[in-house]
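Okay, so here's the structure we're looking at.
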Amino acid sequence: MAKVESLIQGSEKLTRIFGYWPSFHDAEVLEVHLLRGDIVPTHGLNEFPILTLKIHLWELTKETDSEGYLVTKHHTQATLRFCDVSDLDLKDFNQQNAILQLLLTVQDRSEPPSPYLAVELVPAFGISASFKCTRVEVVEALLCTNDAMPLN
């Protein structure tokens with residue numbers, strides 16, 4: 001079975017920071033953007049729905065600080081684009097959208113396009129989402145502060 005990052009265009013933007021493909025455990029979804037796409041055969045347009053997420057993620061270490069809290073590192077603001085989105089189920093987006101995990105699994109279907117990716121944002125608090133797509137891209141990954149402000 002291929003590693004999930006091999007299915008994601010631009011995955012090296014995150015693996016370069018973390019040294020591996022992160023699980024997105026306790027990450028927070030900051031923004032959700034939906035674009036319907038545009039299909040105009042007479043003009044050669046064939047763009048299907050796109051979902052873009054801006055997510056604040058980090059690595060939790062086993063080290064503790066002077067107050068006894070676990071130390072975090074690699075705070076990153078990542079923008080992920082999901083193309084040809086279908087079967088979107090999106091719930092409970094609010095002022096804090098922590099997720100337990102970002103699950104990506106390859107699945108086959110009888111009609112094209114096949115295979116596709118099944119995506120699930122497993123909720124911790126706030127947002128919950130599941131959908132199918134044919135392509136995932138890491139648009140950017142910016143190092144940021146603990147409160148998700150980009151350093152650059």
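The values are calculated or read from the model by the stated rules, or taken from the named source; none is laboratory data. Just so it is clear, the model here is predicted, and its values are computed rather than measured. Reconstructed Cβ throughout: ideal geometry from the backbone, glycine too, with neighbour counts over all protein chains shown.
Going residue by residue through segment 115-133, is there one that turns out to be more than 13 Å from Asp26 (Cα to Cα), out of contact with any strand residue (DSSP E or B) (no Cβ under 9 Å at 6 or more places or on another chain) and at pLDDT below 95? Taking every residue of segment 115-133 in turn, none turns out to be more than 13 Å from Asp26 (Cα to Cα), out of contact with any strand residue (DSSP E or B) (no Cβ under 9 Å at 6 or more places or on another chain) and at pLDDT below 95.
Within segment 103-129, work out how many residues are in a strand (DSSP E or B), among the hydroxyl-bearing types (Ser, Thr, Tyr) and more than 20 Å from Trp21 (Cα to Cα).
Going residue by residue through segment 103-129, those that are in a strand (DSSP E or B) are 103-107, 116-125, 128-129.
Then keep just the ones that are among the hydroxyl-bearing types (Ser, Thr, Tyr); that gives 105, 116, 128.
From what's left, more than 20 Å from Trp21 (Cα to Cα): 128.
Number of matching residues: 1.
Within segment 83-102, the residues that satisfy the criterion of being under 16 Å from Ile55 (Cα atoms), in a strand (DSSP E or B) and among the hydrophobic types (A, V, I, L, M, F, W, C) are Leu90, Ala98, Ile99, Leu100, Leu102. Among the residues here, Glu59 does not qualify as more than 19 Å from Val4 (Cβ to Cβ), in contact with a strand residue (DSSP E or B) (Cβ under 6 Å, 6 or more places away or on another chain) and of a type in the set (Asp, Glu). Those strands (runs of 3 or more DSSP E) of segment 17-76 in which 3 or more residues are modelled with pLDDT of 90 or more and in contact with a Ser or Thr (Cβ under 7 Å, 6 or more places away or on another chain) occupy 50-64. Evaluate the following for Phe48: is it surrounded by 10 or more Cβ atoms within 10 Å (Cβ to Cβ) and under 13 Å from the mean Cα position of the chain (by Cα)? No: the conditions fail for Phe48. Remark: pairs (first residue in segment 7-33, more than 12 Å from Thr76 (Cβ to Cβ); second residue surrounded by 18 or more Cβ atoms within 10 Å (Cβ to Cβ) and of a type in the set (S, T, N, Q); Cβ separation under 7 Å; 6+ apart in sequence or on different chains) = Trp21/Ser11; Val29/Asn97.
Which residue is surrounded by the fewest Cβ atoms within 10 Å (Cβ to Cβ), if the candidates are limited to segment 99-152 and must be touching a Cys at 6+ places or on another chain (Cβ under 9 Å) and hydroxyl-bearing (Ser, Thr, Tyr)? Ranking the qualifying residues of segment 99-152, first place goes to Thr134.
Each row is one residue, and each column tells you yes or no for (1) closer than 29 Å to Thr145 by Cβ; (2) in contact with a Gly (Cβ under 7 Å, 6 or more places away or on another chain).
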| residue | (1), (2) |
| --- | --- |
| Leu70 | yes, no |
| His74 | yes, no |
| Ser86 | no, no |
| Asp89 | no, no |
| Phe93 | yes, yes |
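This table checks each residue for (1) in contact (Cβ under 8 Å) with a residue 40 or more places away in the chain; (2) under 23 Å from Gly10 (Cα atoms); (3) of a type in the set (S, T, N, Q).
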| site | (1), (2), (3) |
| --- | --- |
| Asp38 | no, no, no |
| Cys83 | yes, yes, no |
| Asp87 | yes, no, no |
| Asp92 | no, no, no |
| Ala98 | yes, no, no |
| Gln107 | no, yes, yes |
| Leu117 | yes, yes, no |
| Leu121 | yes, yes, no |
